[in-house]
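Let me begin by presenting the structure, written as structure tokens, before commenting on it.
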Amino acid sequence: MGISRFVLLVFTISMLASPALSDLVLSKVDRRIYLTSHIVRISSTLEVENAGPETVSKVLLAFPDLQAQNLAYLMASPHEAKAKFKVSVVSFPIDVVKPEDMPPGVTFYSVSLPQGLTVGASFTFDVLAVFTHALRPMPEQIGQADIQLVLYQDSAYYLSPYVVKVQSLSLKLPDSRIESYTTLESTKVQGSEIKYGPYENLPAFSSSPITVHFQNNLPFTIAQELVREIEISHWGNVLVTEHYKLIHGGAQSKGEFSRLEPQARENVQGPSAVRYLVAHLPPRAHSVYYRDAIGNISTSHLRGDSKKAELLIEPRYPMFGGWRTAFTIGYGLPLQDCLYESEGRRFLNITFSSPVIELVIDTLIVKVVLPEGSSDISVAAPFFMKQCQETKISHLDIVGRPVVVLEKTNLVPEHNQYFQVYYKFNRLSMLREPLMLISGIFLFFVPCIVYMHADTSISKFSASYLAKQQWEEVRVAIQHVHNIICQCLATHDKLEASLRDLSRTGEVQACKAARKSTDGLLKELSKELKPLMTFLQSSPSAVQVLSKVEELVAKERELLEKLMAKHSTAVEAYDKKSGARDIESRIALQQQKITALRQEVDDLLEFIDEI
């Protein structure tokens, strides 16, 4: 269907062709079509002669509409000997025009010459036209191990509104394997090159369709969408992040994918599959990373020196025809390599398109994130693109950072040229973020310092504070009473222990000595207890617990009296040489009272301890 449409269009142009537009004549046309990748490049050398009576300053270029739909890049430049196809430093302005009385189905471009072409003068210049999606896979579906064949259609004659005296055409193919090609007069095949011509004295809009069916196993890498974000930091870095949505645009893969077949047959590796991509990064690129939605991809290699940096990246799986993948490449650049200053304005000078070689981009969006506070923003680019501005809110931003958004469709490597973004920026604005950090830290720590040094306790003159203070004093006094009573009980235990030793050894003098020592210790404890009881009796805060404390002291004294009486009875009995049973019967009643009193004292101590 595509072949018949192209042939019909060429036939229509030939039938409806009008006479030559002006007295310009193309003395010689040398056309070279490079089909060595999935991007078609046509390099033409045109020698224009003014055979008319007036000076001419413009030359028309003509392309069939079907071909012009895929035209991605068009450039006219001064002729350079031995030049293949490259972006010239000097190029001539080109505009789309619609001249009158021209055949339908043709798109015209007007090239403005550097100076008017006088009568009889001639001028030679080069025209580079780059086309995308111009190669059609034939067959459209292939197996995993099959080679890829493609079809290309064009005209053996140069389509021009002018008379062409002499012209020739050569098609350079990636391989010498040619399935078929159109044979015309003066057709030659030399290895991987097909030559047509020379042809002489052809009228305007002459055309002769040709078709070439050949092998092209180079991967058809197409980025359906590429979003590049270039973020400028005046602290010394330019961060570039590129988000790719890639598809293999070649012959569709049919059947199921098998990993076993390539491993078993080393020569069967999927000839047209995308196994790796090569990106030419700026020479001082650093912090390079390569990842997808799953995470970081380790199958990448970066090598380079002070003049170049080459990134070799491998997808997680080989891409066959129709397969898709998405990934992200990021790297940083030194600020001094990209940012300059001129006439009071700063400008970013960086390449526009992708660093991946031989990549076709259907839609490219470039976002240049400028520092917050930038103003008077403008863009200088070597070709037309859509422009708009938006705002990006990032960390420590107040009003957000201005973002210049540039969009262009149908791009080829020739579009990877430098463009400039101009803006004004006050140097003092660089202090905004550090001052915000310092202020934030200051505002955080000052309240902390004030809080740590502030007296947040209740006023010392308030009734609640005084009551609390008095109760704290009472509590301390009660604790001291508790400790003294515990020491008294320990002394009682020592006195009981001396009686047990007396019953065992019969040494009355030792028992009396223990009694004397105990009396002295108890007197000291009684002296310590007296001021404490006086304080508790005088303190209003001790009213609720004073009765229990007094009861505890009274019980302890009663206990001591009973214990002393028991001790005296036992010592007296031993002095009189009484029997053991007689002694036990005399102190048995006293022991019962001592045990009951000791239990009452322990209960009171437990109650006071809870207070």
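The values are calculated or read from the model by the stated rules, or taken from the named source; none is laboratory data. None of these values were measured; they are calculated from a predicted model. Glycine gets a Cβ as well: all are built from the backbone with ideal geometry, and neighbour counts include every protein chain shown. Heavy atoms of the whole protein, side chains included, go into the accessibility calculation; ligands, DNA and RNA do not. Shrake-Rupley method; radii C 1.70, N 1.55, O 1.52, S 1.80 Å.
Miscellaneous remarks
- The range 509-533 versus the range 206-238: alpha-carbon centroid distance in Å: 107 Å
- Inter-probe distance in nm under a simple model that places probes 7 Å from Cα toward Cβ, at GLN479 and LYS494: 2.5 nm
- Between SER208 and ALA156, TYR157, the built amide H atoms are under 5 Å apart, and every one of these is 5 or more places off in sequence or on another chain.
- The GluC sites (Glu not before Pro) of the range 486-536 that DSSP puts in a loop, and whose beta carbon has at most 16 other beta carbons within 10 Å, are GLU507.
- Taking every C-alpha pair closer than 8 Å and separated by at least 6 residues, the mean separation divided by the residue count of the chain gives a relative contact order of 10 percent.
- Matching label, percent of Cα pairs over 42 Å apart computed from the structure shown, candidates (1) 55; (2) 29; (3) 34: (1)
- Among VAL571, HIS480, VAL549 - extreme Cα towards positive end, dipole of the range 461-608, charges at beta-carbon: VAL571
- Table column - 3J(HN,Hα) (Hz), the range 333-349, Karplus curve with 6.51, -1.76, 1.60, x for Gly and Pro: 10, x, 4, 5, 7, 10, 10, 9, 9, 8, 6, x, 10, 9, 8, 8, 10
- Each Lys or Arg adds one and each Asp or Glu takes one away; over the other residues whose Cβ falls under 11 Å from the Cβ of SER168, this sums to +3.
- FRET efficiency estimate (nearest 0.05) - Cβ-Cβ, LEU431 to GLU528, R0 60 angstrom: 0.25
- Portion, in percent, of the accessible area of the range 461-608 that falls on carbon or sulfur, probe 1.4 Å: 54 percent
- Theoretical FRET efficiency, 1/(1+(r/R0)^6), r = Cβ-Cβ of LYS386 and TYR465, R0 60 Å, to 0.05: 0.20
- Sequence-distant lysines (8 or more away, or on other chains) whose Cα lies within less than 26 Å of LYS562: LYS494, LYS512, LYS516, LYS523, LYS527, LYS530, LYS548, LYS576, LYS577, LYS593
- The stretch between ARG136 and GLU606, if pulled fully straight at 0.36 nm per residue, gains 159.1 nm over its current Cα-Cα span.
- Counted residue by residue at 0.36 nm each, then reduced by the alpha carbon distance between them, the extension gain from ILE393 to VAL90 reaches 105.0 nm.
- The range 280-325 and the range 545-611 have Cα centres separated by 96 Å.
- Selection among GLY295, ILE329, TYR317 by position relative to the dipole of the range 284-331 gives ILE329 as farthest towards the positive end (Cβ unit charges, Cα centre).
- Rounded to whole Hz, the Karplus (6.51, -1.76, 1.60) HN-Hα couplings of the range 567-576, x for glycine and proline: 5, 4, 4, 5, 5, 5, 5, 5, 5, 7
- Label-to-label distance, nm, for residues given as ALA326 and SER547 (7 Å Cα→Cβ offset): 8.3 nm
- Rounded to the nearest 20 debye, the dipole magnitude of the range 461-608 is 420 debye, with +1 charges on Lys and Arg beta carbons, -1 on Asp and Glu beta carbons, and the Cα centre as origin.
- Charge dipole of the chain (Cα centre as origin; +1 on each Lys and Arg Cβ, -1 on each Asp and Glu Cβ, all else neutral): 1060 debye, rounded to the nearest 20.
- log₁₀ of I(q)/I(0) at q = 0.10, 0.11, 0.21 Å⁻¹ - the range 325-469, Debye sum with one point per alpha carbon: -0.53, -0.60, -1.38
- Here the peptides 48-60, 353-365 are ranked by packing, the mean other Cβ count within 10 Å, and the order with the highest first is 353-365, 48-60.
- The residues of the chain present an accessible area of 53 Å² per residue when probed at 1.4 Å with all protein chains retained.
- Inter-site label distance for THR211 and ARG177 at 7 Å from Cα along Cβ, in nm: 2.1 nm
- Amide H contacts of ALA309 (H built 1.01 Å from N, in plane; Pro and chain starts excluded): LEU281 sit under 5 Å, all sequence-distant by 5 or more or on other chains.
- Calculated SAXS-style log₁₀ I(q)/I(0) at q = 0.14, 0.15 Å⁻¹ - the range 461-608, Debye, Cα scatterers: -0.72, -0.79
- Axis angle, to the nearest 10 degrees, between helix 463-505 and the longest C-alpha principal axis of the chain: 50 degrees.
- Packing-based ranking of 273-284, 104-115 yields 273-284, 104-115, ordered from highest to lowest mean Cβ neighbour count within 10 Å.
- Computed FRET value (nearest 0.05) for SER57 with TYR418, which takes r as the C-beta separation and R₀ as 30 Å: 0.55
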